Amino acid sequence: MNEPASNHRGVLHLSKVFADALRMRDAYTRLHSDRVMSLSKGIGQAIGLSSKELDALELGACLHDIGKIVVPDAVLLKPSKLDEREFAIMQSHPSVGADLIEVYEHDDAHRIADVVRHHHEWFNGSGYPGRLVGEAIPLLARIVTVVDNYDAMAVRRVYQGARPHHEIMQIMESEAGTKLDPEMFKRFVQVIDDPRYAMFKAS
């Protein structure tokens, strides 16, 4: 195994350790991160990302919710809709996570941090924290956004039940061009229908 590949595996293992630390508070988050990581990498491969870009995408997807480690249990695990104050607290997690990653001595720390910081941006500029529009949102973050939205609806949460695949796809199709990058959504459709990713498909 060459040195870059070995280093990537080491950082990925460390990322999963951090995700496991978060799982001790919220069991959903670690499994969610694993699913988002796998499907995001599938999209990355489908659009021909370089191996370096795929490595950054994999790490960014694995760590996209790591900032939730500072969100209080009363907010993170609340079984009902968040109020305005609580939602503002929840909205801090992308920036917190990105700030944590940027201080890490890794060649792609900034690119990985961009994935984490911007995975809640909307394609039309209505997201957070930067209200970035369209292709101003980093490509890797746009990929994670699509997958993150699918998985959030595919799995039962404390505040909502799991939705079936066909319903999720209808919702996401209606959001393509507003919330989601329409081109990345098209690529996601190809990936989620690929038999290799059947385990991640909602029933």
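The values are calculated or read from the model by the stated rules, or taken from the named source; none is laboratory data. Note that the coordinates shown come from a computational prediction; the quantities given were computed from them, not determined experimentally. We place every Cβ from the backbone using ideal geometry, glycine too, and count neighbours over all the protein chains shown. Side chains are part of the model used for accessible areas, which takes the heavy atoms of the whole protein and leaves out ligands, DNA and RNA. Shrake-Rupley method; radii C 1.70, N 1.55, O 1.52, S 1.80 Å.
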- For the range 59-146 the GluC sites (Glu not before Pro) that pass both the DSSP coil test and the at-most-13 other-Cβ-within-10 Å test are GLU105
- Query: Sorting THR178, THR145 by accessible area (1.4 Å probe), largest first, what list results?
  - Reply: THR178, THR145
- Largest first, how would TYR128, TYR104, TYR150 line up by accessible area (1.4 Å probe)? TYR104, TYR128, TYR150
- Message: Can you return the lysines within cross-link range of LYS81? Criterion is Cα-Cα under 28 Å, with same-chain partners fewer than 8 residues away left out.
- Response: LYS68, LYS179, LYS201
- Expressed in square angstrom to the nearest 10, the accessible area of LEU82 with a 1.4 Å probe stands at 40
